[in-house]
1. Quick test for you: out of 109, 73, 122, pick the one residue that is out of contact with any Ser or Thr (no Cβ under 8 Å at 6 or more places or on another chain) and exposed (fewer than 12 other Cβ atoms within 10 Å of the Cβ).
2. Go through region 295-351 and count every residue that is among the aromatic types (Phe, Trp, Tyr) and either at positive phi or not assigned by TED's automatic domain parsing to the domain that holds residue 472 (or both).
3. Report the residue count in region 290-309 for those that are surrounded by 18 or more Cβ atoms within 10 Å (Cβ to Cβ) and either touching a His at 6+ places or on another chain (Cβ under 6 Å) or closer than 20 Å to residue 356 by Cβ (or both).
4. Scan 120, 68, 64 and give me the residue that is within 44 Å of the chain's Cα centre (by Cα) and closer than 30 Å to residue 178 by Cβ.
5. When you check residue 348 against the structure, is it among the small types (Gly, Ala, Ser) and touching a Leu at 6+ places or on another chain (Cβ under 7 Å), yes or no?
6. Please enumerate the residues belonging to region 245-277 that are exposed (fewer than 12 other Cβ atoms within 10 Å of the Cβ) and either assigned to a strand (DSSP E or B) or modelled with pLDDT under 85 (or both).
7. Do you know which residues across region 387-418 are in a strand (DSSP E or B), in contact (Cβ under 8 Å) with a residue 40 or more places away in the chain and more than 18 Å from residue 225 (Cβ to Cβ)?
Amino acid sequence: MKRFNSIALLIIVTILTNQLFGQSINLSVISKSKSETFKIDSIGYSNSFADYKSMEKEVYVLKKKLNKNGFIDTKIESITKKSDTLFEALFYLGKKINTIRINYDSNFDVQLLNIIEHNKDDNYFELDVESLENALDRLNSLISEQGDPFSTLQLNNIQKINTDLIGADIEIIKNQKRRIDKIIVKGYEKFPKSYIKHFLKLKTGQSFKLNGIKDKVELLQDLRFANKIKDPEVLFTKDSTTLYLYIDKVKTNNFDGFLGFGTNENTNKLEFDGYLDLRLINNLNFGESLNLFYKSDEIDQQTFRVDATLPFLFNSPIGLELGLNIFRKDSTFVNVTQRANINYQINALHKIGVGLNAINSSNLLDNDTSILNDYTSSYITANYTFNKPQFNDPLFPYNFWLEFSSGFGNRRNDLGEKDQSFYQLNTFKIFNLNDRNSIYTRINSAILISDDYLDNELFRFGGINSIRGFEENSIVANLYGVINTEYRYRLSNTIYIHSVLDAAYFENDLTESKEKLFGFGFGFGLLTNAGLFRLNYSSGKSENRQFRFSDSKVHISLTATF
């Protein structure tokens, strides 16, 4: 019987406890007039609480909100218990004041006020009371960005001037201005120091501006060989400021090649062509690049090219580019081109440069002719490059590329010397319509200006990297322009299909020919563990030749990153 009574007592106590602690406290806030109560309700407050302490805290939070909205005379008249679960708070609002006048002295930098909306006089400025807190935060943030991250703004002597206006004095409490004393890289400790100084524009002795530093570190996303692990951090000591950058090294070496095959229209035999393109980037941790290129095509042409880029030489914003290009046309001629450029990196996107080009061409035939003979050329060149990457997209890592170059010089041979100039433009842009659909457009054009021309100095174009559906470098011209377009559709994050629609126009003054060319086809790309695999099927036609499937070209390429 005693055991039964104990169990019954425990149940009763449990029920009473649950009822006691399970009840919530409700809050109602009123004022002496309906209009003031409506204003309180429009600002809003919580009305259900677990205990009295949290309810009381909400009452004082509401008072602070009313003060910020201009009701500076707000008072809590009383908090009355109406029932076990309901409390009523009586507020006195008073007249709303809309404007605050803030006085400043001669030490105040009035240029700071340009970032806020205000009315200004000689020794004061006026703000809406409701915007006061936000305006002071913005001013304080700007002062911090000027190298004083621990500064604070303070309003003193707050008083009512009249029924519609309050006044205050502003004071800036400053600490010692901070400058970057040391920069430490974590993760990729061998990250090239020249890139910190000239690419990110960060250096010791620079005024400390945290938001500006964060913006500069975001430029790491424009580098192929490095990216940001997390936001920068700062260690402040009494007399020094140390900036920590968290950077990761990215593998960016790539090997690119393609195999093409088609039917020779004269022999009706299957012929193959292809190329190898090896790019080595930042292997020495200087941000340098080395490019080796070799191509042999179906009309017995060979191209060998090696280029080296050395950025930020001797920790300066100046970089150097060196290049050697050897082109052989069967047993007709061979051209050797040497170039040297000095570049200046304006910022992460823009680069300009000047340089020298020297060309030496040898006629491999037994006899010289008026249009094919030995010559040497030299040019002073200028170039501009714009590059906007989107490295978060492994299928299409570049969104916009523009390269323009020009040269002025002369050509010398046994027949004399001729002044010449050339202009070249290579640009492409991807228009992202949505996550799956995009349009790729590319323009490639060049012109050589001279009083007369030699066959072995003209431009040669055509093929997968030019107008598709034609043999590699099979078209000879002193002026040409190519437009490539693709409509791309992503089947997934690693597979896309695309159309091929190309058009070109060229002029050859030696043969007195002007012609329009067109390329049609389709293709797809597949991102695998080995790299990006691409296949294009295209066919070309000219104004004077009908479209024939027998002239179609299949191009296969694989770009591997390591």
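The values are calculated or read from the model by the stated rules, or taken from the named source; none is laboratory data. Computed from a predicted structure; not experimentally measured. Virtual Cβ from ideal backbone geometry, glycine too; neighbours counted across all protein chains shown.
1. 122
2. 2
3. Looking only at that region, the number is 0.
4. Result of the check over 120, 68, 64: 120.
5. Spelling it out, residue 348 is indeed among the small types (Gly, Ala, Ser) and touching a Leu at 6+ places or on another chain (Cβ under 7 Å).
6. Scanning region 245-277 gives 265, 266, 267, 268, 269, 270, 272.
7. 407, 409, 411, 413
Quick grid of which residues meet (1) under 20 Å from residue 162 (Cα atoms); (2) assigned by TED's automatic domain parsing to the domain that holds residue 165; (3) among the acidic types (Asp, Glu); (4) not in a loop (DSSP other than H, G, I, E, B):
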| position | (1), (2), (3), (4) |
| --- | --- |
| 46 | no, no, no, no |
| 56 | no, no, yes, yes |
| 71 | yes, no, no, no |
| 87 | no, no, no, yes |
| 106 | no, yes, no, no |
| 126 | yes, yes, yes, yes |
